[in-house]
Amino acid sequence: MLILVINPGSTSTKMAVYDDEKPLVLRSISHSNEDLAQFDDVIEQFAYRRQLVLDELERVGVPLEFDAVIGRGGLVKPIAGGVYEINQKMLDDTHSGIAMHNHACNLGCLIAYDIASSIPGCRSFIADPGVVDELNDYARISGSPLMGRICIWHALNQRAIARRFAQEIGKQYEDLNLIICHLGGGISVAAHDHGRAVDANNALDGEGPFSPERAGSLPAADLIRLCFSGKYTEKQLLKRIAGKAGLNAHLGTANVKEIEERIRDYGDTHAELILNAMIYHIAKNITAQGAVLCGKVDAILLTGGLARSEYVISRLRQRIEWVAPVYCFPGEDEMEALALNALAVLRGQRAVAEYD
């Protein structure tokens, strides 16, 4: 089975070609600020990014003869985890902005469907998008009936890492209780109870620890006063939640490696305070999920780009390893996870879900 994988991010479009489990092509196409400045909205980038994928396939000599094209899932309505065949309802909801989030991941299903539609017999899928919602009933309730809790998290990578860990120890993902933390530009923490993520934060715009680019949970009354202060527009304040927030707002950069250099080489005590504060809040959110699982935690798994930082991981371990053994899986397995999800459907090993 020949599978094309498409994973759009804020500053790049990752693509891969798999022959069954074997990767034939792995590429990350970067987009400069100047490239993207011509577009007012993420959806307007559709034709631009699609063409870059097609051009790269032509450049490496891969013909359009795929059995499936699978894209990173977008921020549509909350759905259960799994593999979904892309249908018109999903396309319509993506274009309508049903989730009210202008994120590049929304392009995944659009590009995958468009390319697959031009190939006879080719199917198009998404798998475990960020809006996967398997929360328990308690987790959905906040302190105000006006606002229920939702989760937007790194479902694809977290589930891929969970299955990888389970395989390594000779068990099934569905047999384990896990706390998994994805450490990236945004940080998501989820409690996995025997194959179901029963609690997870909204890592995109408003809950959990602050991260390199996001503010996380904020003092509610202060935020309301800021909204009515007249100092900022709605758009500016939203950027203060996701984008110009977290480490980026405090230190002028979201690059943790650069911050570590400022601490090590220049004795920057303010940078040290802010970075250690982020680690502190990540640890608080991880250990809180131990309560969700009633203390019965088989392992804590750390993944994402920041999991490559010895500074971050060593300090996290000091605060969380009393809960359960800690295992680190640096980077992310999203491209392989997408390919293997599509392959499992094509082989009849996994049922495909319908988005409705």
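The values are calculated or read from the model by the stated rules, or taken from the named source; none is laboratory data. These numbers were taken from a predicted model, which means no experiment stands behind them. All Cβ positions, glycine included, derive from the backbone under ideal geometry; neighbour counts span all protein chains shown. Quick note on the areas: whole protein, heavy atoms, side chains included, nothing else; ligands and nucleic acids left out. Shrake-Rupley method; radii C 1.70, N 1.55, O 1.52, S 1.80 Å.
Out of everything in region 103-150 that is assigned to a strand (DSSP E or B) and of a type outside the set (Lys, Arg), what residue ends up being nearest to Leu36 (Cα to Cα)? Break it down stepwise before answering.
Residues of region 103-150 assigned to a strand (DSSP E or B): 123-127, 132, 144, 147.
Restricting the remaining residues to those that are of a type outside the set (Lys, Arg) gives 124-127, 132, 144, 147.
Details: Ser124: 26, Phe125: 26, Ile126: 24, Ala127: 26, Val132: 28, Ser144: 38, Met147: 33 Å.
This residue is Ile126.
Take Leu273 and decide whether it is of a type in the set (A, V, I, L, M), assigned to a helix (DSSP H, G or I) and exposed (fewer than 14 other Cβ atoms within 10 Å of the Cβ). Show your work before the answer.
On the way: of a type in the set (A, V, I, L, M): yes; assigned to a helix (DSSP H, G or I): yes; exposed (fewer than 14 other Cβ atoms within 10 Å of the Cβ): yes.
The answer is yes for Leu273.
For region 95-105, which positions are open to solvent by 10 Å² or more (accessible area, probe 1.4 Å) and in contact with a helix residue (DSSP H, G or I) (Cβ under 6 Å, 6 or more places away or on another chain)? Show your work before the answer.
Kept after step one, since they are open to solvent by 10 Å² or more (accessible area, probe 1.4 Å), are these residues of region 95-105: 95-103.
Correct list: Asn102 only.
In region 1-14, how many residues are open to solvent by less than 20 Å² (accessible area, probe 1.4 Å) and either aromatic (Phe, Trp, Tyr) or part of a loop (DSSP other than H, G, I, E, B) (or both)?
1
Counting only residues that are open to solvent by less than 80 Å² (accessible area, probe 1.4 Å), among the charged types (D, E, K, R) and assigned to a helix (DSSP H, G or I), how many does region 316-356 have?
So the answer is 2.
Scan region 268-289 and give yes if some residue there is hydroxyl-bearing (Ser, Thr, Tyr), more than 22 Å from the chain's Cα centre (by Cα) and more than 21 Å from Asn177 (Cα to Cα), otherwise no.
Of the residues in region 268-289, the ones hydroxyl-bearing (Ser, Thr, Tyr) are 269, 280, 287.
Now narrow it down to the ones that are more than 22 Å from the chain's Cα centre (by Cα): 269.
Remaining after also requiring more than 21 Å from Asn177 (Cα to Cα): 269.
Looking for residues that are hydroxyl-bearing (Ser, Thr, Tyr), more than 22 Å from the chain's Cα centre (by Cα) and more than 21 Å from Asn177 (Cα to Cα), one finds at least one in region 268-289, hence yes.
Give region 67-83 a look and list any residue that's over 16 Å from Ala16 (Cβ atoms) and surrounded by fewer than 24 Cβ atoms within 10 Å (Cβ to Cβ), or say none.
Residues satisfying the conditions are Leu75, Lys77, Pro78, Ile79, Ala80, Gly81, Gly82, Val83.
Does region 15-53 hold any residues that are under 19 Å from Leu338 (Cα atoms) and either of a type in the set (S, T, N, Q) or not in a strand (DSSP E or B) (or both), and which are they?
Answer for region 15-53, where residues must be under 19 Å from Leu338 (Cα atoms) and either of a type in the set (S, T, N, Q) or not in a strand (DSSP E or B) (or both): Asp20, Glu21, Ser28, Arg49, Arg50, Val53.
Quick check on Gly305: is it without any contact (Cβ under 8 Å) to a residue 24 or more places away in the chain, within 30 Å of Tyr18 (Cα to Cα) and of a type in the set (Gly, Ala, Ser)? Quick ask: steps written out before the conclusion?
Details: without any contact (Cβ under 8 Å) to a residue 24 or more places away in the chain: no; within 30 Å of Tyr18 (Cα to Cα): yes; of a type in the set (Gly, Ala, Ser): yes.
In short, no.
Taking the options Asp199, Asp205, name whichever one is over 13 Å from the mean Cα position of the chain (by Cα) and among the charged types (D, E, K, R). Explain how you work it out, then say what you get.
Working: Asp205 fails: over 13 Å from the mean Cα position of the chain (by Cα).
Of Asp199, Asp205, the one residue that is over 13 Å from the mean Cα position of the chain (by Cα) and among the charged types (D, E, K, R) is Asp199.
So which pairs qualify, if the first residue must be in region 12-34 and among the aromatic types (Phe, Trp, Tyr), the second must be assigned to a strand (DSSP E or B) and open to solvent by 90 Å² or more (accessible area, probe 1.4 Å), the Cβ gap must be under 7 Å, and the two must be at least 6 apart or on different chains?
Filtered contacts from region 12-34: Tyr18/Leu24.
Any residue that is of a type in the set (Phe, Trp, Tyr) and under 21 Å from Ala291 (Cβ atoms) - is there at least one of those in region 156-173? Walk me through how you get there before you give the answer.
Within region 156-173, the subset of a type in the set (Phe, Trp, Tyr) is 165, 173.
Pick out the ones that are also under 21 Å from Ala291 (Cβ atoms) and you get none.
No; the residues of region 156-173 include none that is of a type in the set (Phe, Trp, Tyr) and under 21 Å from Ala291 (Cβ atoms).
Name the residue, out of Gly170, Gly130, Gly184, that is small (Gly, Ala, Ser), closer than 26 Å to Ala351 by Cβ, within 12 Å of the chain's Cα centre (by Cα) and open to solvent by 10 Å² or more (accessible area, probe 1.4 Å).
One residue alone meets the criteria, Gly130.
Residue-wise test of (1) open to solvent by 60 Å² or more (accessible area, probe 1.4 Å); (2) within 14 Å of Thr13 (Cβ to Cβ).
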| residue | (1), (2) |
| --- | --- |
| Ser32 | no, yes |
| Gln38 | yes, no |
| Ile43 | no, no |
| Arg50 | no, yes |
| Asp55 | yes, yes |
| Val60 | no, no |
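With the structure loaded, tell me whether Gly304 is on the phi > 0 side of the Ramachandran plot and within 22 Å of the chain's Cα centre (by Cα) or whether it fails that test. Even if it seems obvious, please write down each step before you answer.
Values: on the phi > 0 side of the Ramachandran plot: yes; within 22 Å of the chain's Cα centre (by Cα): yes.
For Gly304, the condition - on the phi > 0 side of the Ramachandran plot and within 22 Å of the chain's Cα centre (by Cα) - is met.
Looking for whichever is in contact (Cβ under 8 Å) with a residue 12 or more places away in the chain and either open to solvent by 60 Å² or more (accessible area, probe 1.4 Å) or of a type outside the set (Phe, Trp, Tyr) (or both) here; the options are Ile141, Ile152. Which one fits? Walk me through it before giving the result.
On the way: Ile141 fails: in contact (Cβ under 8 Å) with a residue 12 or more places away in the chain.
Selected residue: Ile152, the only one of Ile141, Ile152 that is in contact (Cβ under 8 Å) with a residue 12 or more places away in the chain and either open to solvent by 60 Å² or more (accessible area, probe 1.4 Å) or of a type outside the set (Phe, Trp, Tyr) (or both).
Please give the number of the condition Thr233 fails out of (1) in contact (Cβ under 8 Å) with a residue 12 or more places away in the chain; (2) surrounded by fewer than 17 Cβ atoms within 10 Å (Cβ to Cβ).
(1)
Say whether the condition of being touching a strand residue (DSSP E or B) at 6+ places or on another chain (Cβ under 6 Å), free of Cβ contacts under 8 Å to residues at least 60 places away in the same chain and either among the hydrophobic types (A, V, I, L, M, F, W, C) or not in a strand (DSSP E or B) (or both) is met by at least one residue in region 173-185.
Checked region 173-185: no residue is touching a strand residue (DSSP E or B) at 6+ places or on another chain (Cβ under 6 Å), free of Cβ contacts under 8 Å to residues at least 60 places away in the same chain and either among the hydrophobic types (A, V, I, L, M, F, W, C) or not in a strand (DSSP E or B) (or both).
Only one of these is touching a strand residue (DSSP E or B) at 6+ places or on another chain (Cβ under 9 Å) and either more than 21 Å from Glu21 (Cβ to Cβ) or assigned to a loop (DSSP other than H, G, I, E, B) (or both): Leu91, Leu64. Name it.
Working: Leu91 fails: touching a strand residue (DSSP E or B) at 6+ places or on another chain (Cβ under 9 Å).
Of the residues listed, the single one that is touching a strand residue (DSSP E or B) at 6+ places or on another chain (Cβ under 9 Å) and either more than 21 Å from Glu21 (Cβ to Cβ) or assigned to a loop (DSSP other than H, G, I, E, B) (or both) is Leu64.
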